Amino acid sequence: MATYTKEKLSASTDGRAVKVAATATAGTTIHTGSSTASTYDEVWLYAMNTSASSVKLTIEWGGTTSPDDLIELTVQPEAGLVTVSPGLVLKGNATALVIRAFAATANVITIHGFVNRITA
């Protein structure tokens, strides 16, 4: 039977937001998945833009080399929490997959979220 546990993002300190400092690949680490193949992370991410201008945000989902690994969106100024990942799944891998982020402007986008870790 599968077990579900709710966890903070691995790069978060005490469940607080992760500030996106990177402006290019490889981005700021948001979450590192499991290194166990039978473990799945259901990842929920929300972005907040504290600047007065729109900012493009790029999420690197498990990799940095393929355009297929990128999720791109523009976060409006002072928009509050914008859904970035509505429970997308990251499968455990012998070499743990990493979710990273970079933005057009450093230090104005923060990422909040959590992970539902599913183990078989």
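List of remarks:
- Enumeration of residues in the range 69-120 that are within 19 Å of Thr28 (Cβ to Cβ) and among the acidic types (Asp, Glu): Asp69, Glu72
- Flag if Ala106 is under 14 Å from the mean Cα position of the chain (by Cα), surrounded by fewer than 21 Cβ atoms within 10 Å (Cβ to Cβ) and assigned to a loop (DSSP other than H, G, I, E, B): no
- Identity of the residue in the range 62-103, more than 22 Å from Thr39 (Cβ to Cβ) and more than 16 Å from the chain's Cα centre (by Cα), that ends up surrounded by the most Cβ atoms within 10 Å (Cβ to Cβ): Ala79
- Among the residues making up the range 5-50, those that are under 22 Å from Gly80 (Cα atoms) and among the aromatic types (Phe, Trp, Tyr) are Trp44, Tyr46.
- Residues of the range 11-40 satisfying the condition of being charged (D, E, K, R) and closer than 13 Å to Thr110 by Cα: Arg16, Lys19
- Tabulated pairs, the range 91-105, first on the phi < 0 side of the Ramachandran plot, second hydroxyl-bearing (Ser, Thr, Tyr) and outside any strand (DSSP E or B), C-beta under 6 angstrom, 6+ apart or interchain: Gly92/Ser34; Gly92/Thr36; Ala96/Ser35; Phe102/Thr23
- Flag for Ala21 being surrounded by fewer than 17 Cβ atoms within 10 Å (Cβ to Cβ), small (Gly, Ala, Ser) and modelled with pLDDT under 95: no
The values are calculated or read from the model by the stated rules, or taken from the named source; none is laboratory data. Predicted model only: the values in this text are computed from it and were never measured. Here the Cβ is made from the backbone with ideal geometry for all residues, glycine too, and neighbour counts use every protein chain on show.
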